[in-house]
Amino acid sequence: MMKLTTHTAHLLTGLLNALVALVSGVSAGVGLARPSLALATGEPLNSGVVFFARAYAVRAIPLSAAVLTLVALGSWGTLVPVLIVSGAAQLGDAAIGAARRNPGMLVTAGALGVVHLVSAWWLSTG
């Protein structure tokens, strides 16, 4: 059985988190362009929905850019606190999804948050 080197493990963890950050950042951009996509069928698009899309984007896009940049630089130690903040933000989004009875948002944001937080833990212990 082939042994996984620390370098390879960091690279794989980085790539997974880059993918998660990309999903979050792209979702934020799509939400800015089409805020109605976050609504259940029949829900009206109003100023509150537009405000939420903008609030999500001003948080998600910079966090995504930070994760992508740190992964590209291979800055694993610096990545840890950014993953913790990103993971906590995703869990907050999952809580909003639960409160709005939006299972897609709950599961997706929850899973993305867990990836970031478990990765931060793993990188900090390695």
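Some values worked out for this structure:
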| read-out | value |
| --- | --- |
| In order through segment 27-32: 3J(HN,Hα) via Karplus (6.51 cos²θ - 1.76 cosθ + 1.60), integer Hz, x for Gly, Pro | 4, 5, x, 5, x, 5 |
| GNM result for the chain, Cα springs below 10 Å: residue of 21, 33, 57 fluctuating most strongly | 33 |
| Segment residue 15-residue 107, extension gain: residue separation times 0.36 nm, minus the distance between their alpha carbons | 31.0 nm |
| Separation in nanometres of the label points that stand 7 Å from Cα toward Cβ, at residue 122 and residue 49 | 3.8 nm |
| Efficiency of FRET from Cβ geometry, residue 41 and residue 84, R₀ 30 Å, rounded to 0.05 | 0.25 |
| Point-to-point label distance, residue 5-residue 72, nm (Cα→Cβ direction, 7 Å offset) | 2.4 nm |
| Pair-distance profile P(r), taking every C-alpha pair of the chain, with 5 angstrom steps and integer % | 2, 11, 20, 23, 16, 11, 8, 5, 3, 1, 0, 0 |
| GNM top mover of 36, 47, 27 - the chain, alpha-carbon springs below 10 Å | 47 |
| Ranked 6, 13, criterion: other C-beta atoms within 10 Å, fewest first | 6, 13 |
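No lab work stands behind these numbers, since they all come straight from the coordinates. It should be emphasised that the depicted structure is a prediction, and the values quoted were computed from it without experimental measurement. With ideal geometry, Cβ positions are generated from the backbone for all residues, glycine too; neighbour counts draw on all protein chains shown.
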